[in-house]
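Notes for the one structure printed next.
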Amino acid sequence: MHTSDAAVTTRGLLKDFGTGDSTVRVLRGVDFEANLGEMTLLVGPSGCGKTTLLSVVAGLLDKSGGDISVLGMDTGTLSGSAAVTFRRKNLGFVFQQYNLLPALTAAENAAVPLLAAGMSRKPAISKAKELLERLGLGARSDARPNQLSGGQQQRVAIARALIHEPRLVVCDEPTAALDHETGHTVMGLLRTAAVAPDRAVIVVTHDSRVFEFGDRIAHMDDGHITHVVKNLETQMEKN
């Protein structure tokens with residue numbers, strides 16, 4: 001099922017919520033691919049299953065049926081601890097709500113994946129500060145989340161997602177709370193920092209202003225991928 005340039009492949013993916021008569025099928029046989037070296041945008045109306053698909057791909061939800069391969073691994077076969085280890089090593093997450101820890105500084109928040117992987121505090125914080133500097137937040141690395149604007153918090157969240165150099169970065173509405181200029185900055189940072197030949201980025205978005213950043217735009221409706229559009233401009237940039 002997995003092709004050599006595919007970071008993620010799903011075939012006939014199903015996801016149900018509830019049991020018995022109250023079961024709701026949210027993913028209704030999703031066929032989806034996200035390629036290495038590309039940013040794939042997942043778009044469609046509210047409630048169509050975009051965030052559910054992203055959560056199954058990221059291993060935050062179990063599938064109800066069908067097949068899924070992530071970075072060549074059939075993640076549906078991984079046990080609890082193996083799944084956690086796989087996610088910690090290979091995935092970076094950017095959530096709509098940022099999910100920063102309020103008691104930690106920006107640098108400490110960004111360093112969390114390194115600390116969780118066992119890196120000692122001093123080099124982890126040093127690496128976090130270097131990355132925040134590249135993201136334009138060098139002067140704010142010692143600030144706590146409540147001292148940062150929404151756009152600054154989102155850049156800390158991006159630093160946290162990228163710091164351990166994951167091969168797959170998944171983002172849920174990363175520009176939802178941002179103004180136009182900051183949204184473009186964030187998408188540009190994601191694109192330049194995370195799209196490499198051996199990496200892939202998947203972004204769920206309602207924001208048509210950022211469609212230009214995607215290599216492919218997968219349109220979703222009623223639990224299915226309806227069609228996929230290639231962005232010729234980004235394809236030409238890479239060639």
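Worth pointing out:
- Intensity falloff of the chain expressed as log10 I(q)/I(0), Debye formula with alpha-carbon point scatterers, at q = 0.07, 0.08, 0.10, 0.15 Å⁻¹: -0.22, -0.29, -0.46, -1.03
- For the residue pairs Lys127/Lys230; Lys15/Lys89; Lys89/Lys122; Lys15/Lys127, alpha carbon separations beyond 28 Å are given by Lys127/Lys230; Lys15/Lys127.
- Relative contact order for the chain, counting Cα pairs under 8 Å that sit 6 or more residues apart, in percent: 28
- Per residue convex hull volume, Cα atoms of the range 6-80, in Å³: 94
- Dipole moment magnitude, nearest 20 debye, the range 64-175 about Cα centre, only Lys, Arg, Asp, Glu C-beta charged: 420
- Centre separation in Å (Cα based) which lies between the range 89-155 and the range 25-83: 26
- Selection among Leu27, Gly66, Leu135 by position relative to the dipole of the range 1-141 gives Leu135 as farthest towards the positive end (Cβ unit charges, Cα centre).
- The residue list Leu168, Ile202, Pro113 was ranked by how far each Cα lies along the charge dipole of the chain toward its positive end, using unit charges on Cβ atoms, and Pro113 comes out on top.
- GNM on the chain, alpha-carbon springs under 10 angstrom: the most fluctuating residue among Leu61, Leu190, Leu53 is Leu61.
- In this simple spin-label model, placing a label point 7 Å from the Cα along the Cα-to-Cβ direction at both Gln147 and Ser126 gives a separation of 2.3 nm.
- All other residues whose Cβ lies under 14 angstrom from that of His180 are scored, Lys and Arg at +1 and Asp and Glu at -1, for a net of -3.
- GNM flexibility winner over the chain from Gly150, Gly65, Gly18 (Cα, springs under 10 Å): Gly18
- Helix-only mean residue ellipticity at 222 nm for the chain, each DSSP H run of n ≥ 4 adding -39500 (n - 2.57), per residue, nearest 500: -10000 deg cm²/dmol
- For a straight C-alpha distance cut-off of 18 angstrom, the aspartates and glutamates reachable from Lys63 (same-chain residues fewer than eight places away being disregarded) are Asp16, Asp31, Glu33, Asp74, Asp222.
- Local electrostatic count at Ala106 - Lys and Arg +1, Asp and Glu -1, tallied over other residues with Cβ under 10 Å: +3
- By DSSP, the beta bridges lying fully in the chain are antiparallel in about 55 percent of cases.
- Between Thr226 and Ala116, the simple label model (points 7 Å from Cα in the Cβ direction) yields a spacing of 3.5 nm.
Rule-based calculations on the coordinates, nothing more; no lab input. Given the structure is predicted, the values throughout are model-derived calculations rather than measurements. As a convention, Cβ positions derive from the backbone with ideal geometry for all residues, glycine included, and neighbour counts pool all protein chains shown.
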